[in-house]
C-alpha cells in the first residue's frame, strides 16, 4: 500500500528516495506506522460486531448496512489510486499526517452519527482519509528500512493487517459491552480518537520526510476511470436486490468491465509515452505479481464477506451479545496469530507451498464450520464452532504474510512503490466486492422479514461461496513461480 504508482521505474515517479532517520529513533518508525495501519485495518472489521445494534438504533436497511462496510472498502480502494502519488509529490509524512488527522475526525463523525445515511457518508470519508494514510505507510517503511530489515517490515505490516482483521470482532465486542458513557456501538468508532491523537504526535516527532526523486503530474483521467469502474461494479450489487434489480443496475454492471479495461489501456498508453501512469502495467509481466495479486483479491473477498455475515449470524441468528460474538472470534485470532509466527519459517523451507498448505487448512476450517452450523442449526453447540474457526484462522495466518511477500519481495526495488500501491488497491477492491456479492446471496436467502431461524440458512449460503474462494486461492497459488521467497 505504498504510493500507488509512485514509479514506473524508468519512468516518472522514480525510485523512492532513501532517508536516514536518527539511528536512535529508527526503531520507533515501524511501530508508529503500524499503529496507524492497525487503526485503519481495524475499522474494516470492528464494525461487523456493531452492525446489529447499529441497525436497530438507526433503523438501517440491509443496503445501508452493506454500504457501511463496502463504502469504506470502496472509497479506500478508489482513493488509493491517486493518493499514493500525492505522497511522492508533496511528502509522504505530510500526506500521512493529513490522512491520519482526517481519519480521526471522520471516526468521530461516525461515532456521533444521528442517522444511517450520515454514518454511510462518514464511513466514505473514513475510507478516503485512509486512502491518504495507507499508501504512505508502506512507502515510509520502504525508504526507512532496506534489505532484510525491509522484508521484516513488510512481514510485520502483513501481520498487523491480519491481527486487526481477526481481533476486530473481539475488540468491538469488548467496547460495546463496556458501554462507556452509554455510547454502545459508537465506541467502536470513537476509540480511534485517542489512538489517532497519540499517533499524530509520534509521527510529527519521529517519522522522517521523503519524496520521490522525480516530480510528475497527477493522472486525473485514470483516476476518474478507475473510480467510475469500481463504483459501477459495487453500487448495483449493494442496491440491486433491495430495489428489485432495475435497469440501471444492469447497465452499470455492463459498464464496469468497459471502464476498467479502458483504464488499463489508458495506463498502458501513458506508460509507453512516459506520461506518469497511476499503475505501471509492466508490473503484470511478473507472474508472481499478477497471480499473487489475483489471489490477494480472492483472499480479501473471503475475509471481508465472511466476517460480516458471521457476525450477523452469531448475533441475530444465535442471539449472542456483541461480547459473546466477539469472544467466538477468539479461536480465529488464536489460530491466525500462531500460524503467522510460523509462516515465515515454513515458507523458507517449502517456498510457495506454504500458500498451498494455508489454503488447504483454511478450506478445512471453513468446511468444518459449514458442517457444524448445518448440524446444530439454530440450537446450542457454540463449542462445536471452535475447531473450524481455529483451522480457518490458522489457514489465513499461513496465507497473508507469505502472499504479501510473494507479491512484493522479489520485484526490482524500483518497482516497489508501484507494486505496493497496486496490492493495497487490490486488497480493498476484494473486500468491497466480496461484501457486495456475498451480501446479495446472504440477504436474498434471508428474505425481507427475517426471523432468527432464517439466519443459519443464510449463513450456510454465504459459506458455500467463501469455501469456493478458498479452493480457488489454493488452485491459483499452484501457478506461482517455484522459487522460495527466501531466495
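Just a few scattered comments:
- Within the stretch 328-353, the residues that satisfy the criterion of being assigned to a helix (DSSP H, G or I), touching a residue at least 60 places away in the same chain (Cβ under 8 Å) and under 22 Å from the mean Cα position of the chain (by Cα) are 328, 330, 331, 332, 333, 335, 336, 337, 340, 344.
- Checklist (1) free of Cβ contacts under 8 Å to residues at least 40 places away in the same chain; (2) surrounded by fewer than 24 Cβ atoms within 10 Å (Cβ to Cβ); (3) more than 21 Å from the chain's Cα centre (by Cα) applied to residue 314, failing item: (2)
- Residue within the stretch 330-340 that is surrounded by fewer than 24 Cβ atoms within 10 Å (Cβ to Cβ) and more than 25 Å from residue 69 (Cβ to Cβ) present: yes
- Test for residue 295: is it crowded, with 17+ Cβ neighbours inside 10 Å and in a helix (DSSP H, G or I): yes
- Residue count for the stretch 89-110 satisfying the condition of being farther than 17 Å from residue 33 by Cβ and either at pLDDT below 95 or surrounded by 21 or more Cβ atoms within 10 Å (Cβ to Cβ) (or both): 5.
- Close pairs (7 angstrom Cβ cut-off, 6 or more residues apart or separate chains): at positive phi and in contact (Cβ under 8 Å) with a residue 12 or more places away in the chain in the stretch 256-282, outside any helix (DSSP H, G or I) and surrounded by fewer than 17 Cβ atoms within 10 Å (Cβ to Cβ) anywhere: 276/217
- Picking from residues in the stretch 133-170 that are on the phi < 0 side of the Ramachandran plot and not in a helix (DSSP H, G or I), the one that is surrounded by the most Cβ atoms within 10 Å (Cβ to Cβ) is 145.
- Each residue in the stretch 176-197 was checked for being in contact (Cβ under 8 Å) with a residue 40 or more places away in the chain and farther than 12 Å from residue 38 by Cβ, and 12 of them qualify.
- Flag if residue 22 is modelled with pLDDT under 80 and either under 15 Å from the mean Cα position of the chain (by Cα) or in a loop (DSSP other than H, G, I, E, B) (or both): yes
The values are calculated or read from the model by the stated rules, or taken from the named source; none is laboratory data. This structure is a prediction, so every number in the text was calculated from the model and none was measured. Here the Cβ is made from the backbone with ideal geometry for all residues, glycine too, and neighbour counts use every protein chain on show.
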